[in-house]
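Heads up, the thing below is written out as structure tokens.
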There are 2 protein chains.
Amino acid sequence: MTATDGWPPSERTRLRRLPARGSYERAAVYAVVDAALSCSVGYVIDGRPFVTPTAHWRDGDRVYWHGSAASRFLQQVVGTEVCLSVHLVDGLVLARSGFDHSMNFRSATLFGRVEAVSDDTKGAALDAFIEKLVPGRTAELRAPTEQELKATTVLAMTIEEASAKVRAHGVSDKPEDLEAPVWAGILAIETRLRELLPDPEVPVGAPPSEALRSLVGRVL
Amino acid sequence: MTATDGWPPSERTRLRRLPARGSYERAAVYAVVDAALSCSVGYVIDGRPFVTPTAHWRDGDRVYWHGSAASRFLQQVVGTEVCLSVHLVDGLVLARSGFDHSMNFRSATLFGRVEAVSDDTKGAALDAFIEKLVPGRTAELRAPTEQELKATTVLAMTIEEASAKVRAHGVSDKPEDLEAPVWAGILAIETRLRELLPDPEVPVGAPPSEALRSLVGRVL
């Protein structure tokens, strides 16, 4: 990892506001993308903006998402430019003035072009998705049928431009506000994998794997 | 609240995939929008997609967000169409086949047009934002200065079209998979306001308000 292992800031990604919080490094962008289970994908269709929340996964500089092959929407966006946004909220910054209120967060903004993943690599891509969620789980599941693969569209983008932005510190009040008679600090927020709830309808065929059990309590 | 208190499905908002999970009712859309602290706003600039994560707040059918008045970006989008997406992930649905894996989530997709909030209502709008975060807090804070208000751009949209979509149930396996020797169920996920961390740099001028203390432990 060197200072140049990333994407040069572009007109679209250069962070103009508080650039000290930003990075164009692969490591910084990957860390945010991988921490999140879902993202917001922005498309332009007929000149109008569309944003779709979706689960995503990553392999190197390629980011994947998926949906139903019956979705006209997904078919329509193949080949178009896309902006993929990931963000996680880590806290409310409760300052001594309204103006200095803020949030602690991790975010990444990626630009690229939508590609449809070909039939012969779709299965491997979907396995990688399951493995992101629960390492080792694909080995426990039957292989997808041809019909299931046909029913699934997997889309991908190669990151062409990207930036990450993180705020992870305390309140920053103006000197003249420091004596204000008000509580100031962080209301910390966390997103946590809380517990395993076994299928109540049908007896479950096996205990959760060690890898699955070890996810419980994990904070994103 | 009647069955028609909402937005008629449009070409953009009609839920084609699993429409049973969707709603066009105000109550359903408001519930998702209000539960979340942040959203993803999608714009089109020079024909290209941009998605920005931002905190948001709501007053009736108007949704607000804000940023620096120095942001060229925010100035540029006034008057353009916008797609505002909110989503919260509530669980991983770990089915007995890869294909039937899913997520529990709440999402809302809103369409409208970006307006700049005028100087004479900006202060009230920003107060409403603080009140969303911590009820009663604006009464504890000094009023914003004219300079602070000038430095802040508040944007808004009136919801023209909207839909909400929720998945909040267990695994849905195919009958032929029910005997599979694999654990099946939900890995529940929660986003929680975890704890108050007082400013470690400067003595805090007052204890947290009752309203602030009561937020600790709240799940979004």
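Quick notes on this structure:
- Residue among A:16, A:62, A:21 that alone is among the charged types (D, E, K, R) and without any contact (Cβ under 8 Å) to a residue 12 or more places away in the chain: A:16
- Only one of B:95, B:162, B:116, B:128 that is within 24 Å of residue A:133 (Cβ to Cβ) and not basic (Lys, Arg): B:95
- There is at least one residue in the stretch A:141-161 that is closer than 23 Å to residue B:38 by Cβ and out of contact with any helix residue (DSSP H, G or I) (no Cβ under 8 Å at 6 or more places or on another chain).
- Scanning the stretch A:53-65 for residues that are within 18 Å of residue A:158 (Cα to Cα) and assigned to a strand (DSSP E or B) turns up A:54, A:55, A:57, A:58, A:59, A:62, A:63, A:64, A:65.
- Strands (runs of 3 or more DSSP E) lying entirely in the stretch B:104-220 (those with 3 or more residues that are surrounded by fewer than 18 Cβ atoms within 10 Å (Cβ to Cβ)): B:185-198
- Residues satisfying the stated conditions in the stretch B:5-50, i.e. part of a helix (DSSP H, G or I), farther than 25 Å from residue B:132 by Cα and among the basic types (Lys, Arg): B:21
- Inside the stretch B:92-103, residues that are in a strand (DSSP E or B) and either facing chain A (nearest Cβ under 7 Å) or acidic (Asp, Glu) (or both) make up a count of 4.
- Hits in the stretch A:39-48 (condition: without any contact (Cβ under 8 Å) to a residue 40 or more places away in the chain and either of a type in the set (Ser, Thr, Tyr) or within 8 Å of chain B (Cβ to nearest Cβ) (or both)): A:44, A:47, A:48
- If you filter the stretch B:123-136 down to residues that are more than 8 Å from chain A (Cβ to nearest Cβ) and touching a Ser or Thr at 6+ places or on another chain (Cβ under 7 Å), you find that the one that is farthest from residue A:99 (Cα to Cα) is B:136.
- Condition check for residue B:111: at pLDDT 95 or above and either on the phi < 0 side of the Ramachandran plot or in contact with a strand residue (DSSP E or B) (Cβ under 7 Å, 6 or more places away or on another chain) (or both): yes
- Considering the conditions (1) more than 11 Å from chain A (Cβ to nearest Cβ); (2) out of contact with any Asp or Glu (no Cβ under 6 Å at 6 or more places or on another chain); (3) not charged (D, E, K, R), residue B:156 is excluded by exactly one of them, (2).
- Looking across A:32, A:51, one residue alone is in contact (Cβ under 8 Å) with a residue 40 or more places away in the chain and surrounded by 15 or more Cβ atoms within 10 Å (Cβ to Cβ). It is A:32.
- One residue from B:219, B:204, B:182 being under 30 Å from residue B:24 (Cβ atoms) and of a type in the set (A, V, I, L, M): B:219
- The stretch A:66-91, residues that are assigned to a strand (DSSP E or B) and within 16 Å of residue A:117 (Cβ to Cβ): A:66, A:67, A:68, A:82, A:84
- Meets criteria (among the hydroxyl-bearing types (Ser, Thr, Tyr), at the interface with chain A (Cβ under 8 Å from one of its Cβ atoms) and under 30 Å from residue A:130 (Cβ atoms)) for residue B:191: yes
- The set of residues from the stretch B:50-82 being touching a Leu at 6+ places or on another chain (Cβ under 7 Å) and facing chain A (nearest Cβ under 9 Å) comprises B:55, B:67.
- In the stretch B:194-220, the qualifying residues are those that are hydrophobic (A, V, I, L, M, F, W, C) and more than 7 Å from every other protein chain (Cβ to nearest Cβ), and the one that is nearest to the chain's Cα centre (by Cα) is B:220.
- Scanning the stretch B:78-87 for residues that are of a type in the set (A, V, I, L, M) and either surrounded by fewer than 22 Cβ atoms within 10 Å (Cβ to Cβ) or on the phi > 0 side of the Ramachandran plot (or both) turns up just one, B:78.
- The residues of the stretch B:2-42 that are among the polar types (S, T, N, Q) and either modelled with pLDDT of 95 or more or more than 30 Å from residue A:151 (Cα to Cα) (or both), listed by number, are B:2, B:4, B:38, B:40.
- Filtered residues of the stretch A:120-160 (kept if without any contact (Cβ under 8 Å) to a residue 12 or more places away in the chain and not acidic (Asp, Glu)): A:121, A:124, A:130, A:138, A:139, A:141, A:142, A:145, A:147
The values are calculated or read from the model by the stated rules, or taken from the named source; none is laboratory data. As the structure is a prediction and not an experimental result, all values here were calculated from the model. Quick reminder, even Gly has a Cβ in these numbers, built from the backbone with ideal geometry, and neighbours come from all protein chains shown.
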